[in-house]
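A quick write-up on the structure given underneath.
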Amino acid sequence: DVKVTQSSRYLVKRTGEKVFLECVQDMDHENMFWYRQDPGLGLRLIYFSYDVKMKEKGDIPEGYSVSREKKERFSLILESASTNQTSMYLCASSWTGYGYTFGSGTRLTVV
Amino acid sequence: QKEVEQNSGPLSVPEGAIASLNCTYSDRGSQSFFWYRQYSGKSPELIMFIYSNGDKEDGRFTAQLNKASQYVSLLIRDSQPSDSATYLCAVMNSGNTPLVFGKGTRLSVIA
C-alpha cells in the first residue's frame, strides 16, 4: 500500500513562528499536494507540485510556501504563523490521472 | 470557477438500507470522478473511482456517472453503522489538474 507520512499528528505553535510541516511518500508518485481542511469550508488546496523543484499555487497560497527538493518529500512552510492558520493540514500524493492518497494529517494550533 | 456540489446532510438511513449520495459538477470537461470516505478526525480514504458513463460496482458500493447531466452518485447497499462518515466527491478535469472536492455529505447509519 502507498504510504504518505506526515511528520506530526498534533502541533502547537506560537504566533509569528516559522512552521515546517513535512510529508513523505514511498510510492514514487510524481504529484504531491497540500490541503487544509476547516469545518464548513471543506478541503482547500494550498500548493501542489508535479515534479521535483516545481511548485504551483493552489486556491489559498497566501502565508504559505513549499519546498520539493526530493521526489518523495514535500514540505509546507508557514512563514509567520497566525491564528487563522489553525487548521487540519493534509498532504496527498498521486500518479498523474489517478486518485490521491492522503497522509493522516497534522492538526496545527497557533496560539 | 469549477465547482462540485454536494448536499451537506446529515443523511440518515437505517441499518440495512441503501444510502444514496449525490454530487453535481460544473465543468463539462471533467473526465475522472472519485469518492472518498472520511471518518471523523481521520483523513480521506479513496473508495471508488469512475471514468465512463454508467455504473461501476465494488462490493456494497456502486458509483454512477451521467456526464450529460453532470451528475455522479454513490450507492451503498446494506448500509452498516460503520459506514457512518462524511463522503467527499472529487472531480478531475484532465490528467494533470488538481482534484476539485465537494464539501462532503455526512452519512449516519442508524442501528
Item to complete: Name every residue in the stretch B:74-96 that is over 17 Å from B:Pro10 (Cβ atoms) and among the small types (Gly, Ala, Ser), in order of residue number.
Response: B:Ala90, B:Ser94, B:Gly95
Discussion item. Going through A:Arg36, A:Arg107 one at a time, which residue ends up being modelled with pLDDT of 95 or more, surrounded by 18 or more Cβ atoms within 10 Å (Cβ to Cβ), within 14 Å of chain B (Cβ to nearest Cβ) and over 17 Å from B:Asn96 (Cβ atoms)?
Written reply: A:Arg36
Discussion item. When the residues of the stretch A:86-99 are narrowed to those that are more than 13 Å from A:Leu43 (Cα to Cα) and either at the interface with another protein chain (Cβ under 7 Å from one of its Cβ atoms) or free of Cβ contacts under 8 Å to residues at least 60 places away in the same chain (or both), which ends up surrounded by the most Cβ atoms within 10 Å (Cβ to Cβ)?
Written reply: A:Gly99
Discussion item. Looking at B:Glu57, B:Glu45, can you tell me which residue is at the interface with chain A (Cβ under 10 Å from one of its Cβ atoms), acidic (Asp, Glu) and within 27 Å of A:Ser93 (Cα to Cα)?
Written reply: B:Glu45
Worksheet item: Which one of B:Tyr36, B:Tyr25 is among the hydroxyl-bearing types (Ser, Thr, Tyr) and within 13 Å of chain A (Cβ to nearest Cβ)?
Response: B:Tyr36
Practice prompt. Tell me which residues, restricted to the stretch B:1-18, are within 11 Å of the chain's Cα centre (by Cα) and buried (at least 16 other Cβ atoms within 10 Å of the Cβ).
Written response: B:Val4, B:Gln6
Item to complete: Being outside any strand (DSSP E or B) and free of Cβ contacts under 8 Å to residues at least 40 places away in the same chain is the filter; apply it to the stretch A:4-49 and report the residue that is farthest from the chain's Cα centre (by Cα).
Response: A:Gly40
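The values are calculated or read from the model by the stated rules, or taken from the named source; none is laboratory data. None of these values were measured; they are calculated from a predicted model. Don't worry about glycine lacking a Cβ; one is built from the backbone with ideal geometry, like all the others, and counts go over all protein chains shown.
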